[in-house]
Amino acid sequence: MRKTITVVAGLLIMAGWTVAAQEKAKPEEPKAKSGHETMATSGGGSSDAAKIARAMSAAPPSISKNATIMEMTADGKMKQLRAGTNGWLCMTEPNGTPMCLDKEWQNWADGWINKKDPEVKNLGLAYMLKGDKGASNTDPYADKPAPDNQWVVSGPHVMVIVPDTAQLDVLPTDPQNGGPWVMWKGTKYAHIMMPTAQMPKQPTAKGSAAKPAEKK
Ligand SMILES: [Cu+2]
């Protein structure tokens, strides 16, 4: 339910970007012009353009303009909206959260989504310049705050993975420490979260953790 509401809100916000997105997203033009069936079924022929613009917003334009664009549908499947040329993938989660991933991160995401070992062979970099709507700092598969899962809403950030997650052990895990921290430490999906702006104020709803329960 919460997801549905965020998606709808996200669509309303994105509607405002549609015109600019249509003009910029040149590869989408032929589709947009002939896409009357899209118009009829998904509330506007511009919907792909809006999704593309949303996905692209996660990284600097110098990266996202030539990235492959995908959306993750509600059933967790990946749907390509536009082919790219620079090896980067910009995508949106079902709740609209955008991210841009390099090749290593794409391997990582494949592992995470399919709950198998991520095949990370080199250092990997990713952008989430729109932040996220919230995630557990300890449980890779939590979808809502719980008293013990260190729920954290992140502002704009970049993310780093390395082949050997033990290398991340030297870094803190506290999202509020003012600098980089490790999310999902101790799991095979551990990665560095590196804020590029002030962390947002954390929601104070029951179960959300403004401060991690962990001892200093
Ligand atoms: Cu992130």
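Taken together, the values in this text are just the output of simple stated rules run on the coordinates, not laboratory data. Since we're looking at a predicted model, the values are computed, not measured. Glycine also receives a Cβ, built like all others from the backbone with ideal geometry; neighbour counts cover every protein chain displayed.
Here the gap between K133 and A146, fully extended at 0.36 nm per residue and compared with their Cα-Cα distance, gives a gain of 3.2 nm. Straightening the chain between D110 and Q80 buys 9.3 nm, computed as 0.36 nm per residue apart minus the Cα-Cα spacing. Measure up K65/K103; K77/K116; K51/K144; K51/K116; K77/K115 against 18 Å on the Cα-Cα distance and list the ones that go over. From K65/K103; K77/K116; K51/K144; K51/K116; K77/K115, over 18 Å: K51/K144; K51/K116. Farthest towards the positive end of the charge dipole of the range 36-178, among the residues A53, V152, M78, is the Cα of A53, using unit charges on the Cβ of Lys, Arg, Asp and Glu. Taken over the C-alpha atoms, the range 105-144 has Rg and Dmax values of 11.5, 31 angstrom. Close amide H partners of L81, meaning residues 5 or more places away or on another chain with modelled amide H under 5 Å apart, are I69, M70, E71. Other residues lying with their Cβ under 15 Å from the Cβ of N86 contribute a combined charge of +1, Lys and Arg counting +1, Asp and Glu -1. Each of the peptides 179-189, 63-73 was scored by the mean count of other Cβ atoms within 10 Å over its residues; in descending order, highest first, they stand as 63-73, 179-189. If R0 equals 30 Å, the separation of the Cβ atoms of D164 and N66 corresponds to a calculated FRET efficiency of about 0.45. Summing Lys and Arg as +1 and Asp and Glu as -1 over all other residues whose Cβ lies under 14 Å from the Cβ of G131 gives a net charge of +2.
With the charge dipole of the range 102-207 set up from +1 on Lys and Arg Cβ and -1 on Asp and Glu Cβ about the Cα centre, the Cα lying farthest toward the positive end among the listed residues P172, Q198, G111 is that of Q198.
Taking amide H as placed 1.01 Å from N in the peptide plane, the amide H of A142 sits under 5 Å from that of S136, each at least 5 places away or on another chain. Global dimensions of the range 129-200 from alpha-carbon coordinates: Rg and Dmax equal 11.4, 31 Å.
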